[in-house]
There are 2 protein chains.
Amino acid sequence: MKIGIFGTGMVGQAIGSKLVSLGHSVKMGSRQAGNEKAVAWVQQAGAGASEGSFAEAAAFGEMLFHCGLGHAALDILHAAGADNLKGKILVDITNPLDFSKGMPPTLFVSGDDSLGERIQAAFPQTKVVKSLNTISNPVMIDPARLGADHDVFVSGNDADAKAQVTALLKNGFGWKSVIDLGDITTARGTESYLLLWIRLWGCLGSADFNIKIVKPS
Amino acid sequence: MKIGIFGTGMVGQAIGSKLVSLGHSVKMGSRQAGNEKAVAWVQQAGAGASEGSFAEAAAFGEMLFHCGLGHAALDILHAAGADNLKGKILVDITNPLDFSKGMPPTLFVSGDDSLGERIQAAFPQTKVVKSLNTISNPVMIDPARLGADHDVFVSGNDADAKAQVTALLKNGFGWKSVIDLGDITTARGTESYLLLWIRLWGCLGSADFNIKIVKPS
């Protein structure tokens, strides 16, 4: 499949390299084609990897992954262009982290809003699926690294889009459990959880963890 | 030990009955002594159980459990009286849920604040330990009901107070894992997690669950 990625950071590189290793063609988008980090990633990721502008990555991809920073998430999508996003699945990994008040970050959304919903509202013809935003990038693409089973979530309004993302997470990334939380408003749950994730990161001294939902068998 | 409880709802009754069954003397506090639910609880909980006003419960307890509703949490403590709370451990189980906009609830604190911090700031001579607010009351007092291991958290500024609460949770309530997240500002993490908990409750169809932190062994 042709996949477009927005963002050249650690998340974008990890997701991009994993998708290339699975045989997909991946175009990494950034503000301007020729971005230094994107070019270096293409050289390292090998055949199947390419780079370009946000709009070029969006036009290229049949499925899209948003791996940008939260505060730039909507700007990036406007640069990508609504026409290039139209009708496509957008896996939204962004988190609404606000670093403006120092560390640890807070959120720039409140409990009756989420970045996932803002993105869906701004691009109503795109099928937004919030996922993978509750874990660090090594865990996203290699869940088995933690040993025991654990859970990742999907939130979105389009059942078929969630099913396609779930299939990729399971068959491609190796996730054994993908929990469908419901419509895109459930992104409030996973985005707010980040505030606990950050504190767990602090007290565990590592981002190499995730949560498992435990219920009576 | 003598323990005071604020709140006559399901959480207060569950915690109170568990503490009585462990041999503690428990006074359930409510707005006015003689509260119908508190009187019924005393009859059912048996020897060691008593009831009274918030102030009477606070004066009675060597350790205190706040099992009230979030929006009333500070009012309840003001009614209990700062002098009666002074120097004591207050286990704060309240959550800042805001039902004023309908279901599902949002939070009346933002990511740079928490109800735990507000309580600690209002009663600086009380040792506030936020805990047990991430699970439903049957799980609080009987973690083994879920089968596999899972985690509960403590947040607070006083290390000795957290150690005493942790000992009660482990030796009394049967918790195997109690994670110390850090100072009372880490209550932001567990209170914000409630927004994910609520969505999990919706999609699992039951409140009988909890999370386990999974990390490489």
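The values are calculated or read from the model by the stated rules, or taken from the named source; none is laboratory data. In this text the structure is predicted, and so the values were computed from the model without any measurement. FYI the Cβ positions are ideal-geometry reconstructions off the backbone, even for glycines, and counts take in every protein chain you see. To get the accessible areas, we keep the full protein, side chains included, count just its heavy atoms, and leave off ligands, DNA and RNA. Shrake-Rupley method; radii C 1.70, N 1.55, O 1.52, S 1.80 Å.
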Limited to region A:167-213, what total is found for residues that are in a helix (DSSP H, G or I) and either more than 7 Å from chain B (Cβ to nearest Cβ) or open to solvent by less than 30 Å² (accessible area, probe 1.4 Å) (or both)?
-> 23
Could you say which residue among B:72, B:14, B:38 is within 18 Å of the chain's Cα centre (by Cα), buried (at least 22 other Cβ atoms within 10 Å of the Cβ) and hydrophobic (A, V, I, L, M, F, W, C)?
-> B:38
Selection within region B:127-142 - free of Cβ contacts under 8 Å to residues at least 60 places away in the same chain and β-branched (Val, Ile, Thr) | B:128, B:129
Quick count over region A:82-105, residues being open to solvent by 20 Å² or more (accessible area, probe 1.4 Å), touching a residue at least 24 places away in the same chain (Cβ under 8 Å) and more than 14 Å from every other protein chain (Cβ to nearest Cβ), is 5
Those residues of region B:131-149 which are open to solvent by 10 Å² or more (accessible area, probe 1.4 Å) and farther than 18 Å from residue B:19 by Cα amount to B:147, B:148, B:149
Which numbered condition trips up residue B:64, out of (1) over 15 Å from residue B:7 (Cα atoms); (2) touching a Ser or Thr at 6+ places or on another chain (Cβ under 9 Å)?
-> (1)
Checked region A:115-162 for anything more than 27 Å from residue A:199 (Cβ to Cβ) and either in a loop (DSSP other than H, G, I, E, B) or modelled with pLDDT under 95 (or both); matches are A:123, A:124, A:125, A:126, A:157, A:158
Hey, can you tell me all the residues within region A:143-157 that are free of Cβ contacts under 8 Å to residues at least 60 places away in the same chain and closer than 20 Å to residue A:63 by Cβ?
-> A:152, A:153, A:154, A:155, A:156, A:157
